[in-house]
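Structure first, commentary second.
The values are calculated or read from the model by the stated rules, or taken from the named source; none is laboratory data. Quick caveat, the model's predicted, so the values are computed rather than measured. Here the Cβ is made from the backbone with ideal geometry for all residues, glycine too, and neighbour counts use every protein chain on show. What goes into the accessible areas is simple: the full protein's heavy atoms, side chains included, and nothing from ligands, DNA or RNA. Shrake-Rupley method; radii C 1.70, N 1.55, O 1.52, S 1.80 Å.
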Amino acid sequence: MDLQLAIFDLDGVIVDTAKYHFLAWKRLAEEMGIEFTKQDNERLKGVSRMRSLDILLEIGGQVHTEADKEVLADKKNTWYVEYIDQMDASEILPGVLPFLAELRGKGVKVALGSASKNARRILDRINLTGYFDAIVDGNLVSKAKPDPEVFALGASLLNIRPEHAVVFEDAQAGVEAALRAEMIAIGVGDPQTLAAAHHVIPGFARFGLAELESVLEEKRTI
Ligand code: B16
Ligand code: MG
């Protein structure tokens, strides 16, 4: 495979914003009399804001109008934004920065493929915006992962064909989206949860371009 593009998910791959999503959803849940645990929060990873709210309401057995749901999601987002506005570059997960620099240094394009509508704000806070040739976030796509739109759009914005692209994802729905986009999917996290991916790594602490190329080489011989 001739590697031309690496697409990164944001939450769970570049930073751990799931902890801030949890705090904000938990605050909303408490206000609404819903019991919401860390385990419940796992179900929200990689899922859009409105879909996350639907899951929370399902857990609490509550039904609300669309207008009420907009108000609730906005409330949660206001709290979430307060957390992310406190973030800085120290929250970038280990190994991410050198890997991005290495890719760029070798002429591989770098894109973001995130469901978050706050993705640009987060990248700005952690001083990473300048590393991305394209940023595709929840404001640009109409179909959430596992639909391949978010990754397909990243590749098409940069005029790169999917067979030259690799996606790094921590969520099952994201891995499925990458596969449906006909890209190489590298899972970041638990090998069992992400078994559908072409390959799974625990993180970027011991993963650079040489390791990526040997994974791609393996795929070529299958
Ligand atoms: P927002 P990713 C996702 O980010 C999160 O994993 C998910 O928990 C969140 O609900 C979603 O972004 C939307 O975020 O409320 O900021 O628009 O993993 O796709 O980078
Ligand atoms: Mg994610």
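What the table below lists for this structure:
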read-out	value
Positions within region 42-64 being within 11 Å of ligand 1 (Cβ to nearest atom) and farther than 18 Å from G138 by Cβ, in sequence order	E42
Selection count where residues are away from ligand 2 (no atom under 16 Å from the Cβ) and either among the aromatic types (F, W, Y) or under 16 Å from I84 (Cβ atoms) (or both), scope region 29-55	1
Filter result for E176 (crowded, with 19+ Cβ neighbours inside 10 Å and charged (D, E, K, R))	yes
Residue identified as acidic (D, E), under 17 Å from L10 (Cα atoms) and surrounded by fewer than 17 Cβ atoms within 10 Å (Cβ to Cβ) among D170, D190	D190
Every residue from region 109-163 that is in contact with a Pro (Cβ under 8 Å, 6 or more places away or on another chain) and open to solvent by 20 Å² or more (accessible area, probe 1.4 Å)	A152
Contacts under 7 angstrom Cβ, first residue in region 72-86 being more than 14 Å from L53 (Cβ to Cβ), partner of a type outside the set (S, T, N, Q) and assigned to a helix (DSSP H, G or I), 6 or more apart	Y83/Y20; Y83/L23; Y83/A24; I84/Y20; I84/R121; I84/I122; I84/R125; D85/R125
Candidates G138, G46, G61, G130 - the one that is under 20 Å from G187 (Cα atoms) and among the small types (G, A, S)	G46
Scope region 124-179; condition away from ligand 1 (no atom under 14 Å from the Cβ), over 21 Å from G208 (Cα atoms) and in contact with a Gly (Cβ under 9 Å, 6 or more places away or on another chain); matching residues	I160
Pair list, Cβ under 6 Å, 6 or more apart: region 51-67 residue within 25 Å of A173 (Cα to Cα), other residue open to solvent by 60 Å² or more (accessible area, probe 1.4 Å)	I55/R43
Condition check for V150: touching a residue at least 24 places away in the same chain (Cβ under 8 Å) and within 16 Å of ligand 2 (Cβ to nearest atom)	yes
Residue among A205, A185 that alone is modelled with pLDDT of 95 or more, in contact with a helix residue (DSSP H, G or I) (Cβ under 9 Å, 6 or more places away or on another chain) and either more than 16 Å from ligand 2 (Cβ to nearest atom) or not polar (S, T, N, Q) (or both)	A185
